[in-house]
Structures are given as structure tokens and as C-alpha cells.
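The structure under discussion appears below in the form of C-alpha cells.
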Amino acid sequence: MEPFFNFTYDDYTTLCEKGDIRSFAALFLPIMYAICLVVGLAGNALVVAVYAYHKRQKTMMDAFLTHLAVADLLLLFTLPFWAANAARGWKLGEAMCKVVSACYTVNFTCCMLLLACISLDRYVALARVQTEERRGRLQRMITRRHCWKICLVVWATAFVLGLPDLILQEVRWMSNTSMCLAIYPPSMVGGGKATLEMVEVLVGFLIPLLVMVVCYWNVGQALKGLPLESRGKKWKAVRVLLIVVGVFVVTQLPYNMLKVYRAMDSVYALVTHCGTSKVLDQAAQVSESLALSHCCLNPILYAFVGSSFKQHTVKVAKKFGKNRRKKRPNAAQEEGMEMSFNSHNASQETNTFSV
């Protein structure tokens, strides 16, 4: 699942010179990756910092958001390598090529699967407030006690999808520069390559999308049944659900449609014209950047709109402010300013603060 600008059409007998496409990638991708990196680091680092401060996540949502932020950060840390690869070629050797490619795939897949887990958690949370008869196996599985098992399965699944990159990624000399790209053996050029692409689309897009649509549809139906006096809150919640699903579709659908077309092309050789190949390459670069933008939006869509995260953030801010006020008397004493030395009152004030 390495960035799309690495794809070539070496299997065609007719040479298709793509110097202009590489020039576009050398300018466009570093800019887009830099934007994603700066914005994504700010939001996801805040999420990790807040939950790390509390040391223990109290709900399934807290745990999933923490893992999602970590996966986003690990994915974002690979972007400088791909930006350099697009601009000046790969200079870090084949081992780093394999590791960075695998890390990209693992964390991108993990992000998508965790989004599905979050939607399941929201659905189960709704089911638990309903009658006992409607609770089934899913409600018994999606609990805080099994959270670490669910996250382990998610990371293990993503790691398995990253194994082909560890095996297939190589550094090759192309167009007077070295590039990190997937080199498929002759036996995999057709069906094997297409199979890998389709598995990535299935696990990284179709399954999460299906889970999100089903879960949020049921949540939306339940919200519609709320009494009229709760109509304002009800439609606000429905709008949030629609935005979450809509952003996922808008950012991920173009990227995965091109992956499906690439898979079909590797089997049926649909692209035989050089101009068409160039258009697809350029579209792939743009759609992949759009897909990566979801890493920047995850904290806004999931963490910052959640009441639990807001409460954690407020507590951290209060604690930080309390510590700063606690240090002020010492600073004032050193400067010879008049102040109260009632240490009992100061300690009592600190102890009454609850985290």
C-alpha cells in the first residue's frame, strides 16, 4: 500500500515517459504531506497527551481514540520519507524502504479498522440503554474487559497486511534517481498483485464503511424515536453522524476506487494509452493525499466532539493552571513581595482538586 506515485507500467512494451508526472509529484506531494504532518501532529499529539496524563482510559471510546491517535501519528511520521522520495528519490537504503512502507500500510489500515470499532462502540452504548432482551453477543463482546483483545486483533490484522511491503519493497534506479517501490515477481504481476490490492480495499475501506453505515443507521433510527423536547439535541447528534460517515466516504472513496481500477488493470490490461496512464497516476497522487487528510480530521471528528475527551482536557487544563498558581507564591517570595505563608491553606486547596 505504498504511495501511488511509485506505480509504474513497466509491463507494457511501449515506453511511456512520465517525467512530467514525477515533476508534479516532486512539487505537489511534499506540500500536501507537510500540511498533513503539521495539522495531524497538533491534533493527534494533543489526544495522546491528554489520555497519557490520565494514564487509564475509563471507557472503550477513550481506548479506541488513544489507539487511533497513535496510529495516526505513526502514519504521519512516514510522510517526510515519502516527500523526500517524491522530490529527490530514496537515499536511505532498502531496509528503511521496507520498514517505512510497511509502517505506512499497517497504520493506515489500523486507522480505518479503529474507525469501525468506534462506530461499534457507539452502537453498543446505545444498545445497553435499551431493554435487556435486545442485548446479544455483540454487546457482551464489546466491553471494557475485552478492549485490549479487540485492539490487539486490529493491530495484528493491520500488521499482516503490511507484510507484503516488507517482502516486496525494493530500491530501484529509475529515470536517473533511486525510488522505493514494490517489485512484484513475474508470478504475481497479474492475479497476485490484484488480490493484494482487493484485500486492502476490502479490509481498509469496504468493511469499515459497512460497519459504520449499519451502526450509525441504527443509532440514527434510535435518535429519531426520542421525545419532541429532545429534538434539538437529537438532530445535532444525527448531523454529527452524517458528517462522520460523509467525511469518511469523501476522503476514502476516490482513493479506493483507483485501487480497484489498478487491480483490474493488472489483470486485464485496461490501460494501454500513455496519456490515460499519466492521468491515472496524477489522480492517484491527489486522491491519496485526500485519503491521508483523514488523519488530520480524526481528532476533530471523534475526540474533540466527545464529552469524555472534553472533560479530560478541562481537567488537564485546570491541573496545569493550579500548578502554575501554586508556584507563584515561591516566585513572589524570592522577589521580596508581601504574601501569605499559610502553607496549610495552600496544601488544602491543592488536595481538594480532583482529577
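What follows is calculated from the coordinates using simple rules that are stated; it is not laboratory data. All of these numbers come straight from a predicted model, not from anything done at the bench. Glycine also receives a Cβ, built like all others from the backbone with ideal geometry; neighbour counts cover every protein chain displayed.
If each residue's Cβ is checked for other Cβ atoms within 10 Å, how do GLU288, GLU94, GLU17 rank with the fewest at the top?
Fewest to most other Cβ atoms nearby, the residues stand as GLU17, GLU94, GLU288.
How do THR251, THR59 line up, fewest other C-beta atoms within 10 Å first?
Arranged by neighbour count, lowest to highest, THR251, THR59 become THR59, THR251.
Based only on other Cβ atoms within 10 Å, what is the fewest-to-most ordering of HIS294, HIS54?
HIS54, HIS294
Run the numbers on segment 4-308 and let me know its relative contact order in percent, using alpha-carbon pairs under 8 Å that are six or more apart.
27
Hey, got the dipole for segment 4-308? About the Cα centre, +1 on K and R Cβ, -1 on D and E Cβ, debye to the nearest 20?
For this selection, approximately 1500 debye.
Suppose each label sits 7 Å from its Cα in the direction of the beta carbon; what would the HIS54-ALA42 distance come out to in nanometres?
2.3
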